[in-house]
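The structure under discussion appears below in the form of structure tokens.
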Amino acid sequence: MDRQEQTAPDTVLTRIGQVVMLHHAGDREEARHRFLGLWAEIGEHGDPLHRCTLAHYLADTQDDPGDELAWDLRALTAAEEISEDGLPPGEAVRAFYPSLHLNLADDYLKLGQCDAARIHLRRARGTAAGLADDSYGDGVWAAIERLESRLGEGGGGTWTPPRQRP
């Protein structure tokens, strides 16, 4: 493989990023439509990094919490495939796990499944311990703390986080 192939941009991830910008600009319906078109191109057996990234963002465009959960589960499954291929997952994939589990915790909470929400919140907290001390890491930790508060208020009973932020 020559040097140019090694540094070639990933056009699928670029296209996903373009749709993410569309979604963040407020066009949720068009973003969902374009994400679904990309999903049709990639397919259920496409590159796991592409499926993980796409499903992760596609979940955010869903109106129904059950549909959002289904896409977030697809994202986690694809991330696990990356980890199972015999090679250590890349830094970007490792950094994705806290967000994946956090989204699943939020999905389960929306569906009234507090025990499942707590399981994924613990996993989010455990995987977040390896995040860099930067704006992304700070944002994930803040989201974990917000969800902990929501579960503490609506979770029924007391719940103690498994460990505090390092």
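The values are calculated or read from the model by the stated rules, or taken from the named source; none is laboratory data. The shown structure was predicted, so the numbers you read here are calculated from the model rather than taken from an experiment. Quick reminder, even Gly has a Cβ in these numbers, built from the backbone with ideal geometry, and neighbours come from all protein chains shown. Areas reflect the complete protein model, heavy atoms only, side chains present, ligands, DNA and RNA absent. Shrake-Rupley method; radii C 1.70, N 1.55, O 1.52, S 1.80 Å.
Every listed requirement among (1) within 15 Å of residue 103 (Cβ to Cβ); (2) surrounded by 12 or more Cβ atoms within 10 Å (Cβ to Cβ) is met by residue 66 save one, (2). Annotation: of all residues in segment 4-18 being assigned to a helix (DSSP H, G or I) and either touching a His at 6+ places or on another chain (Cβ under 9 Å) or of a type in the set (Asp, Glu) (or both), the one that is modelled with the highest pLDDT is 16. Among residues of segment 118-130 that are without any contact (Cβ under 8 Å) to a residue 24 or more places away in the chain, those with a beta-carbon under 7 Å from a residue that is surrounded by 15 or more Cβ atoms within 10 Å (Cβ to Cβ) at least six positions away or on a different chain give the pairs 120/101; 120/104; 120/105; 120/108. Checking each residue in segment 73-116 for being under 19 Å from residue 43 (Cβ atoms), surrounded by 19 or more Cβ atoms within 10 Å (Cβ to Cβ) and modelled with pLDDT of 85 or more picks out 74, 75, 76, 78, 79. For segment 9-42, the set of residues classified as open to solvent by less than 80 Å² (accessible area, probe 1.4 Å) and of a type in the set (Lys, Arg) consists of 32 only.
Number of residues in segment 43-62 that are open to solvent by 30 Å² or more (accessible area, probe 1.4 Å) and modelled with pLDDT under 95 equals 5.
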